[in-house]
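What follows is a set of notes on a single structure, which appears directly below.
The values are calculated or read from the model by the stated rules, or taken from the named source; none is laboratory data. Fair warning: this is a prediction, and the values are worked out from it, not measured in the lab. Using ideal geometry, Cβ is built from the backbone for each residue, glycine included, and neighbour counts are taken over all protein chains shown.
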Amino acid sequence: MLTTMKLAAIASVAGLALTFASSPAAAECVMGSAPLFDPFAPYKDPGSIIHKESGFVFPAAIAGFSRECEMTTDFSGNNFEIGYLRDFEDHEIEVKITVVHLEQLNAEDHYLIVKPSILSRYSNPSTVSEGDYFVSGRPDIAAYQGIFDGDKDGVPWHFSVTTLDYGYWDARLAASYPQEIDAAAQEAIMELITAFQWQTPTAGHTQEAMP
């Protein structure tokens with residue numbers, strides 16, 4: 001049975017998803033070209049952006065992906081989204097990463113809430129697989145993933161959403177690309193997840209966003 005707090009959390013994240021889909025708020029984005037000095041010191045990249053509430057770092061370039069310059073955020077800082085793109089044979093692999101504070105929701109709850117919104121963006125969507133997801137090297141992170149097929153503007157498309165439960169913070173990674181580059185795209189996305197997996201967002205982080 002759903003508790004009052006859990007129902008409130010479901011309504012909150014669903015409402016935020018609708019808000020971001022219709023009227024994203026602008027946030028400053030500074031692009032940089034400097035590569036990461038080492039994977040455990042992202043602050044050495046002058047192009048990085050830090051979500052100050054969670055401390056999550058978003059480099060300008062990582063694992064072959066380039067960060068987009070458009071972000072969505074709410075005024076509380078409890079929901080932040082930024083995108084990454086990677087080109088492959090004249091096609092784009094698009095990834096949206098969201099950091100969100102949720103109460104009383106696990107990775108599967110998070111996934112089930114956002115799944116309808118993800119599916120609504122494509123024609124004739126079908127589920128390829130869904131279930132618990134293991135983040136290599138991070139047994140402390142509970143995760144859930146769904147992989148789908150569909151059509152986008154008449155082109156066969158492949159897309160997925162992975163939700164991760166860090167405790168106070170949750171994260172979501174939504175990937176989208178043409179079906180014809182499926183194998184290469186999945187490899188690229190795994191490289192991106194691997195590059196990010198060492199990070200652990202923390203509650204009450206007070207560091208200012210880096211320029």
**Fill in**
Within region 163-208, of all residues that are among the aliphatic types (A, V, I, L, M) and exposed (fewer than 15 other Cβ atoms within 10 Å of the Cβ), the one modelled with the lowest pLDDT is 203
**Prompt:** List, please: which pairs have Cβ atoms under 7 Å, are six or more places apart or on different chains, and start with a residue in region 171-185 that is on the phi < 0 side of the Ramachandran plot and end with one that is assigned to a strand (DSSP E or B) and small (Gly, Ala, Ser)?
**Reply:** 175/160
**Message:** Looking for something more than 27 Å from residue 66 (Cβ to Cβ) and modelled with pLDDT under 95 - is there at least one such residue anywhere in region 142-149?
**Reply:** yes
**Message:** Out of 117, 123, 160, 176, I need the residue that is small (Gly, Ala, Ser) and closer than 21 Å to residue 74 by Cα. Which one?
**Reply:** 117
**Request:** Select from region 77-129 the residues that are in contact (Cβ under 8 Å) with a residue 12 or more places away in the chain, hydroxyl-bearing (Ser, Thr, Tyr) and loosely packed, with under 14 Cβ neighbours inside 10 Å and write down the one among them that is nearest to residue 200 (Cα to Cα).
**Result:** 129
**Request:** Could you name every one of the strands (runs of 3 or more DSSP E) located completely within region 1-103 that has at least 1 residues being under 23 Å from residue 145 (Cα atoms) and at pLDDT below 85?
**Result:** 65-73
**Message:** As an exercise: evaluate residue 160 against (1) crowded, with 21+ Cβ neighbours inside 10 Å; (2) more than 24 Å from residue 58 (Cα to Cα); (3) small (Gly, Ala, Ser) and give the number of the one condition it does not meet.
**Reply:** (2)
